[in-house]
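Down below is the structure, laid out as structure tokens.
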Amino acid sequence: MYHCVRVRQRAQLQGPNSGISAVSLDKDQVQHIAMLARLRLADEEITQTVDKLSRIVDFVDQLSAAPTANVVPMAHPLNQTQRLRADRVTEANVRDAVQKNAPAVSEGLYIVPKVLD
Amino acid sequence: MELHVQTLTELKAGLDRGDFSSVELTQAMQARIAQHGESLNAFITIMDDAALAAAQLADEKRAAGDGGVLNGLPIVHKDIFCTRDVLTTCGSRMLENFISPYDASVVERLSDAGAVVLGKSNMDEFAMGSSNETSYFGPVKNPWDLDRSPGGSSGGSAAAVAARLAPAATGTDTGGSIRQPAALTNTVGIKPTYGRVSRYGMIAFASSLDQAGVITRSAADAALLLGVMAGFDERDSTSVDHPVPDYVAGLEASLKGLRVGIVRQHFDSGLDHATGEAVREALQVLQAQGATLTEVDLPNLDYCVPTYYVVAPAECSSNMSRFDGVRFGRRADNPEDLLDLYSRSRGEGFGEEVKRRIMTGTYVLSAGYYDAYYLQAQKVRQLISDDFRKAFESVDVIAGPTTPTPAFKLGDKTDDPITMYLNDIYTIGANLAGLPAISAPCGMVQGLPVGLHLVGPHWAEESLLRTVHQYQSQTDWHRACPEAFR
Amino acid sequence: MNSAWEVVIGLEIHTQLATKSKIFSGASTAYGAEPNTQACLVDLGYPGVLPVLNEEVVRMATLFGLAVGGTVASRSIFARKNYFYPDLPKGYQISQFELPIVVGGEMYITDADGNEKRIGITRAHLEEDAGKSIHEGLDRSSGIDLNRAGTPLLEIVSEPDLRSAKEAVSYLRKIHTLVRYLEISDGNMQEGSFRCDANVSVRPLGQEELGTRAELKNLNSFRFIEKAINFEVDRQIELIEDGGKVVLETRLYDSDKNETRSMRSKEEANDYRYFPDPDLLPVEITADYVEAVRATMPELPDVKRQRFVDDYGLKTDDASILTGSRALADYFESAAGAGTSAAQAIANWVIGDLTGALNKDGLDIDHSRVSAADLAGLVARISDDTISGKIAKDVFEAMWAGEGTADDIIESRGLRQITDSSAIEAVVDKVIADNPGQVAEYRGGKDKLIGFFVGQVMKDTQGKANPGQVNKMLKDKLSS
């Protein structure tokens, strides 16, 4: 039951063929998206980004007119299914090789600013 | 004939005959790169010592009667392929100091076959672009006109081959990134069937669309390389276990009975007139060789570009999340807190186009929009794929122009993202449907090359290569070289 | 508890599947390695690497699905759950969203009134575990260890059918026992291979609409789970009765203070932007495969428990304890052999002295110092009157210490019970003769003194006289 909440969230917008009106994005939306994507945008960048992103979104909006009733979304171009591998340990310890070029490492750990719970 | 003028196939024969050694050949290419590389800005990393060592080894193997099918032949890798202990930047500031700890499958296979790697070529940042203007390392110039773009994202590979700095180069194609630069630089570029070549070690842009391929000067060269690169790899779940035919052996059959489909909408007002004419002439050559032309319809063609610009950014936005300054890649100085570490490392590390695509992708996947955009796009993709499947019931290959115009000037299209995106209008369908496709030189428009584009059903690489090979036996376009680089 | 309120609880259990290698890579899953020595390039989310699915996790999830009576999906999809956190190398977790591998299922628990209650299972899905953040010894930083990244997890989601902390723990224990029975997880809560989050809400009794829930995290023992839920229930009720509203949030349980507290703002509500992972393909499971897995299903705990009650005549409680683990159940059956005669006695010994000894030495049943056969031998010597129950305890201790079998010890220490009536009579007569005062008191009405006389006889015989015979004989002689 609790998982359904997330699914409902997604379905909030009307269905795919309802023809969503051209939505240009506003500054708040762009900043929210930038936050979700962890991208720092300089102030000068924001206006440009709002404009360009809006144009892109308006452009892709035409998809809503496509005849997709009863069409199954594509999972793989050749309809292949997942291969399984045997449960075996095949990878050795690569720590030294990879941490040689890591930005911040101490005693084998990757160091980041404090993670607060 | 000078070494740099010879095709890969001709060089292979020369090495086999003992006309020259791999070391000599490698040195000749290195001299070419030293002379011209900078003017084109085609390379990010030049591997002089490693290349000579590999060439040396190849000569020793040849003397001992050993060596693989590409023994001692020099190639260039697009800087999107991970190369062990060698800088792998993907054209980005984010990875400007990234030394890969492993080799991509493509790199392994070609090296195991004896290829000598001359260097890593420049490319649009993270393969996002169609003009090689988004690279952190500066734009690549088109050898046919240094004020013009060579196309992208495999612009460096295309320019290097077109200017005879290397006989062949690897590339990747997500929406046309091998075929479009090939068309704009007078080279052959092939994108195989999705799943034909392993994506392991190929830095991911849009996982369900990316494929590795090659840029060469002839179909025969492409056949030689593809035969080595293709094949199942258990490290890539999307890799398909389908037998690899002998592409070289398959080149020599006649085109009699080949059914070529033409999409009417392809030749409408969006196509530059002269380009259209060149392509029509190429089709006549095919007819003269025994092919028949029929009109086919791809009813959902207009949805190709918007579909691509939902699916690709969505997948890319997620693929790019691993670049966070924690384990590798660029890390911002003195991060105040975790949020600062992430947003500043990524804000500084990624260029404008990459950030734009990440945000587009984040948007189309976000709560409330998934059904309308991503899910819808994946359904339209199925429609487009079905269109192709229907068309291939009556034709063996679909032909048309690769690009709407010849090479455009650098800086021309960078302002409006949509104009740039529409460059991919002929090539994108093949990526969406996972179909193999090839571009081959087919004419000149005011001194600039244009390409003929062929798409086949799944696993039709053999047929595509043969068609181009036969076409190239009757035409000379592919032999032309820009004057400055002869 | 305030009976005007109803508590509604749903549990999300994350159990680590006991595979050798990770769900999407060939790195080892062994616990306790040096930091980042078991994180390969795929686990580290390096550029260009790709996931490949471990066949064992599919088998284990299928086995679980069958065991709880759920449906094993013939087609399930891996999806990316996108968010940024240092212990999540790719910036997304590969999980399952719309098409999980198991749908539906159930588990039966015993409720407060002793009745069987059905708890629904919504789904179970596969996902990869994240790494760990380490804070100790680091000033304003955290250290990330990615050894755990990529370890396979099965997330088991219950319907919100639980109505008390006790029911929650009961359900949890059932699942815990089950996954160990199926050998798909070692269920080690201290090592983090069995973790639980609880969704807790309250509503006025009779109301159909659910109250706003809080998600409790960091519950790593059965005891803490019970306390945390109880605390949270009280907190919510008090809050509402004071006119406040419960906020949809994640709360951490603090076991030192026995309270739950809100986690530092977890950003604007998590928008995970789920979409099918394009690097992985749909997992197809055929009916044949499912049947092949079904054929390997071990006898499940509830079935075994009932069989112990039916075939061995054990009390339900005892049967429950003995079937707490397959190893313990197997031990019991091995010792009890066929039939019911020795069963209860064996059960008592296993549940009592044997468990006590195991706990004292920190051993599990697989490392018991007394084998099932030897325990059976000891119990046989009690039932054939060779030794008394009391002496048997000493013998057991000696067996545990490695002195040999019951027979060895009885022999070497000369512990055979004295059952010869004339021998006992001789001692009884002597004790009576030696204690005239107590005899008089006893005959005068002090019945309790029988203990004194028995004690004297035992002392004289070093405890070896058969207590039953001693008792009877004394009573007979003293009352005449």
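The values are calculated or read from the model by the stated rules, or taken from the named source; none is laboratory data. What you are looking at is a predicted structure, and each value in this text was computed from that prediction instead of being measured. Reconstructed Cβ throughout: ideal geometry from the backbone, glycine too, with neighbour counts over all protein chains shown. Heavy atoms of the whole protein, side chains included, go into the accessibility calculation; ligands, DNA and RNA do not. Shrake-Rupley method; radii C 1.70, N 1.55, O 1.52, S 1.80 Å.
Summary table
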item	result
Top positive-direction residue, dipole computed over the protein assembly as shown with Cβ charges, set B:Val228, B:Thr185, B:Leu301	B:Leu301
Förster-model FRET efficiency, 45 Å R0, B:Asp333 and B:Ala484, C-beta, rounded to 0.05	0.60
Principal axis box of segment C:301-413, alpha-carbon based, largest edge first, Å	43, 31, 19
Partner chain coverage, peptide B:176-183 - average Cβ within 10 angstrom	0
Chain C - mean residue ellipticity at 222 nm from DSSP helices (-39,500 (n - 2.57) per run, n ≥ 4, rounded to 500)	-11500 deg cm²/dmol
Shielding by partners, peptide B:231-243 (average Cβ within 10 angstrom, other chains)	5
Of C:Ser371, C:Gly402, C:Val350, farthest towards positive along the dipole that unit charges on Lys, Arg, Asp, Glu beta carbons give segment C:301-413	C:Val350
Pairwise centroid distance, computed over Cα atoms, of segment C:399-460 with segment C:330-370, Å	29 Å
Exposure of C:Ser74 as accessible area (Å², to 10), given a probe of 1.4 Å and all protein chains	70 Å²
Solvent accessible area, Å² - B:Cys481, 1.4 Å probe, full protein context	10 Å²
Coordinate range along principal axes, alpha carbons of segment C:73-228, Å, largest first	50, 43, 35
Accessible surface ranking that places the most exposed of C:Lys90, C:Lys459 first, with a 1.4 angstrom probe	C:Lys459, C:Lys90
Translational D in µm²/s for segment C:421-479 (Stokes-Einstein at 4 °C, 1.567 mPa s, Kirkwood Rh from C-alpha pairs)	116 µm²/s
Estimated distance in nm for a label pair at C:Ser480 and B:Asp268, the labels positioned 7 Å out from Cα along Cα-to-Cβ	12.4 nm
Size descriptor, Kirkwood hydrodynamic radius, that averages inverse alpha-carbon separations across the protein assembly as shown, Å	33.3 Å
Long-range Cα-Cα pairs in chain B (distance over 45 Å), rounded percent	7 percent
Ranked packing of B:119-130, B:14-25, B:300-311, C:270-281, most packed first, by mean Cβ within 10 Å	B:119-130, B:300-311, C:270-281, B:14-25
Accessible-area order (highest first, 1.4 angstrom probe) of the listed residues C:Thr405, A:Thr90	A:Thr90, C:Thr405
Separation between Cα centres of segment C:67-128 and segment B:121-176, rounded to whole Å	47 Å
Chain pair B, A: total accessible area buried, heavy atoms, 1.4 Å probe, Å²	5700 Å²
Packing-based order for B:261-269, A:53-61, using average beta carbon neighbours within 10 Å, highest first	A:53-61, B:261-269
Heavy-atom SASA rank of C:Arg235, C:Arg413, B:Arg327 (probe 1.4 Å, accessible area, largest first)	C:Arg413, C:Arg235, B:Arg327
Ranked packing of B:5-13, C:78-86, most packed first, by mean Cβ within 10 Å	C:78-86, B:5-13
Delta accessible area of at least 40 Å² on complex formation, residues of segment A:72-86, 1.4 Å probe, chain isolated as reference	A:Pro73, A:Met74, A:Ala75, A:His76, A:Pro77, A:Leu78, A:Gln80, A:Thr81, A:Gln82, A:Arg83, A:Leu84, A:Arg85
Cα shape, segment C:5-291, gyration tensor, a/c 1.5 rule	oblate
Semi-axis lengths (Å, descending) of the ellipsoid that matches the C-alpha gyration tensor of segment B:236-339	45, 23, 14
Kyte-Doolittle mean at least 1.6 and Cα axial length at least 27 Å: DSSP H helices in chain C	none
Exercise: per-residue mean of other protein chain Cβ atoms within 10 Å, C:132-140	3
Per-residue [θ]222 nm for chain B (sum of -39500 (n - 2.57) over DSSP H runs n ≥ 4, rounded to 500)	-11500 deg cm²/dmol
Average accessible surface area per residue within segment C:301-413, 1.4 Å rolling probe, Å²	48 Å²
Charge-dipole axis of the protein assembly as shown as Lys and Arg at +1 and Asp and Glu at -1 on Cβ define it, positive-most pick from A:His76, B:Ser269, C:Leu162	C:Leu162
Förster radius 35 Å - calculated FRET efficiency between C:Ser422 and C:Lys448 (Cβ-Cβ, nearest 0.05)	0.80
Spacing of the two label points (7 Å from each Cα toward its C-beta) at B:Thr292 and C:Lys245, in nm	7.2 nm
Label-point separation in nm, C:Ala287 to A:Asp28, each point 7 Å along Cα→Cβ	5.4 nm
Length released on extending from B:Ile418 to B:Met444, taking residue separation times 0.36 nm less the Cα-Cα span	6.7 nm
Centre separation in Å (Cα based) which lies between segment B:200-233 and segment C:275-298	32 Å
Accessible surface, segment B:85-156, averaged per residue in Å² (probe 1.4 Å)	24 Å²
Distribution of pairwise C-alpha distances over chain C, 20 Å bins, in %	19, 41, 25, 13, 2
Once the Cα gyration tensor of segment C:147-306 is diagonalised, semi-axes √(5λ) in Å	32, 22, 17
